[in-house]
Amino acid sequence: MHEDGERISAVAVGRPVVPPGVEVVAHVPPAPAEGAAAAVDRARPGLVLVDLTGPEGVAPAVISAVLARVPAVAVLAVAGAVADHARVLDAVRAGATGVATSADPRELAAVAAAAAAGRPAFSPGLADVVLESVAAPAHAVPELSPRESEVLRLVVEGLTAKQIAARLVLSPRTVENHVQRLLRKFEVPGRAALVRHAIEYGLA
């Protein structure tokens with residue numbers, strides 16, 4: 001139900017477990033994704049329930065298609081009793097408002113109500129999965145020496161090897177050696193990519 005006690009109208013894509021307090025006004029197949037999106041557009045429900053237990057890649061495609069057509073609609077991805085973390089992250093990246101497991105009907109209903117109200121909502125434990133993924137860089141941060149860290153910060157500032165050498169009282173050749181080591185450690189081809197990685201990892 002809505003937080004004000006009214007039942008939530010929903011379109012169910014696939015065969016998701018329907019939360020208590022939710023009234024499904026249309027059941028639609030997940031493929032093609034554009035067809036599911038068109039059905040949501042016609043029904044204009046308060047919530048879209050997307051089955052997260054189907055074939056891999058189907059749910060994210062549906063979520064993306066639905067939100068491309070009806071950007072304001074709330075989408076709740078419903079997993080099984082135990083959620084596959086990779087699928088949870090795929091659903092969130094596709095734009096799902098929330099993700100719920102179906103193990104506890106009361107929790108499922110609470111997550112559905114929050115999602116229908118437009119708030120990010122997750123079953124217990126799933127929010128941590130999402131936050132850890134967002135907080136963690138895609139690759140481990142290379143271990144840098146104090147001097148390499150200094151050189152990296154100055155590279156990000158846009159200084160040339162000669163300018164960095166003057167700032168740190170080093171020879172330009174020594175600075176270039178540090179830069180080459182940084183490129184190898186970050187496994188990037190050039191300075192532009194090095195700067196992007198430094199910013200991404202919060203090192204600059």
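Across segment 50-66, the number of residues qualifying as loosely packed, with under 15 Cβ neighbours inside 10 Å and in contact with a helix residue (DSSP H, G or I) (Cβ under 9 Å, 6 or more places away or on another chain) comes to 2. Output yes when any residue across segment 113-130 is under 23 Å from Pro29 (Cβ atoms) and among the small types (Gly, Ala, Ser), and no when none is. Among the residues of segment 113-130, at least one is under 23 Å from Pro29 (Cβ atoms) and among the small types (Gly, Ala, Ser), which makes the answer yes.
For segment 1-16, the candidate set comprises residues that are under 23 Å from the mean Cα position of the chain (by Cα) and in a loop (DSSP other than H, G, I, E, B); within that set, the residue that is surrounded by the most Cβ atoms within 10 Å (Cβ to Cβ) is Pro16. Taking residues in segment 16-41 that are closer than 16 Å to Ala113 by Cβ, and partners anywhere that are surrounded by fewer than 20 Cβ atoms within 10 Å (Cβ to Cβ) and among the hydroxyl-bearing types (Ser, Thr, Tyr), the pairs with Cβ atoms closer than 6 Å and at least 6 places apart or on different chains are Glu23/Ser9. Being over 16 Å from the mean Cα position of the chain (by Cα), modelled with pLDDT of 95 or more and either buried (at least 16 other Cβ atoms within 10 Å of the Cβ) or farther than 17 Å from Val129 by Cβ (or both) narrows it down to one of Leu76, Leu47, so name that one. Criteria check complete, one pass: Leu47.
One line per residue, one yes/no per condition, for (1) touching a helix residue (DSSP H, G or I) at 6+ places or on another chain (Cβ under 6 Å); (2) part of a loop (DSSP other than H, G, I, E, B); (3) at pLDDT 85 or above:
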site	(1), (2), (3)
Leu131	no, no, no
Ala138	no, yes, no
Glu143	no, yes, yes
Val151	yes, no, yes
Ala166	no, no, yes
Gln180	no, no, yes
Arg184	no, no, yes
Val188	yes, yes, no
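Only one of the numbered conditions (1) surrounded by 15 or more Cβ atoms within 10 Å (Cβ to Cβ); (2) part of a helix (DSSP H, G or I); (3) not acidic (Asp, Glu) is not met by Pro30, and that is (2). Applying a threshold of 7 Å to beta carbon distances and a minimum spacing of six or more residues, or different chains, the list of pairs starting in segment 176-190 at a residue that is surrounded by 14 or more Cβ atoms within 10 Å (Cβ to Cβ) and ending at one that is not aliphatic (A, V, I, L, M) reads His178/Arg147; His178/Glu148; Arg181/Glu148; Leu182/Glu148; Lys185/Pro142; Phe186/Pro142; Phe186/His197; Val188/His197.
Which residues, taken from segment 50-73, are within 17 Å of the chain's Cα centre (by Cα), farther than 16 Å from Arg119 by Cα and not β-branched (Val, Ile, Thr)? Leu52, Glu56, Gly57, Ala59, Pro60, Ala61, Ser64, Ala65, Ala68 - these are the residues of segment 50-73 that are within 17 Å of the chain's Cα centre (by Cα), farther than 16 Å from Arg119 by Cα and not β-branched (Val, Ile, Thr).
The values are calculated or read from the model by the stated rules, or taken from the named source; none is laboratory data. Just so it is clear, the model here is predicted, and its values are computed rather than measured. As a convention, Cβ positions derive from the backbone with ideal geometry for all residues, glycine included, and neighbour counts pool all protein chains shown.
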